[in-house]
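Working notes, structure below.
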Amino acid sequence: MSNNDSQNIRMAVDLKKFRFRVHKGTLHALGDPSQVQLMFDPHKKAIMLIATSNNDFFGQEEKVVFDKPGNDGSFQLYSMSLIQKIQGIYPDLADQTTYWLYGKLIPSLHAVYFPLSSFSKIESNEAKADDTEDHNRQGVQEPYTTLDPRGI
């Protein structure tokens with residue numbers, strides 16, 4: 001994967017709207033799945049986005065619905081409790097701010113691994129250009145499953 005490809009494996013974390021915005025480059029890297037799971041491990045300080053198939057039913061799958069027609073735009077998940085747990089681990093994250101999380105594709109797991117140490121503040125003009133109306137509100141439900149990134 002080139003450096004440019006790794007720039008496309010990212011997710012925005014919006015502390016104002018308690019939102020995770022998964023970008024199309026990340027979903028394309030996962031093979032444009034119809035369903036995903038967002039998993040959080042506070043001990044490893046990481047989030048994992050896993051592409052699931054229609055045969056995988058664990059109760060935490062979310063249907064991928066883009067905020068723009070077709071496979072453009074982004075996919076959004078909302079969870080106040082998860083954002084608050086992340087802020088408990090990283091109390092320096094500023095409220096009302098949006099951050100990038102950069103991830104690593106793990107093809108064998110059909111997943112992207114986002115270490116929380118990769119937080120990078122998004123400049124306000126970049127965040128506004130990236131923001132759209134919240135038509136497709138998706139949610140992440142507890143309990144969160146502990147990650148098993150198999151050696152990561």
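Details
- Annotation for the range 108-116: no member residue is within 14 Å of the chain's Cα centre (by Cα) and farther than 28 Å from Ser53 by Cβ.
- Residue in the range 95-124 that is surrounded by the most Cβ atoms within 10 Å (Cβ to Cβ), counting only those that are in contact with a strand residue (DSSP E or B) (Cβ under 8 Å, 6 or more places away or on another chain) and part of a loop (DSSP other than H, G, I, E, B): Gly103
- Sole residue being farther than 18 Å from Val36 by Cβ, of a type in the set (Ser, Thr, Tyr), assigned to a loop (DSSP other than H, G, I, E, B) and modelled with pLDDT under 55, chosen from Thr145, Thr132: Thr132
- Selection within the range 77-94 - part of a helix (DSSP H, G or I) and either in contact with a Phe, Trp or Tyr (Cβ under 9 Å, 6 or more places away or on another chain) or at pLDDT below 90 (or both): Met80, Ser81, Leu82, Ile83, Gln84, Lys85, Ile86
The values are calculated or read from the model by the stated rules, or taken from the named source; none is laboratory data. Quantities reported herein were computed from a predicted structural model and do not represent experimental measurements. Glycine also receives a Cβ, built like all others from the backbone with ideal geometry; neighbour counts cover every protein chain displayed.
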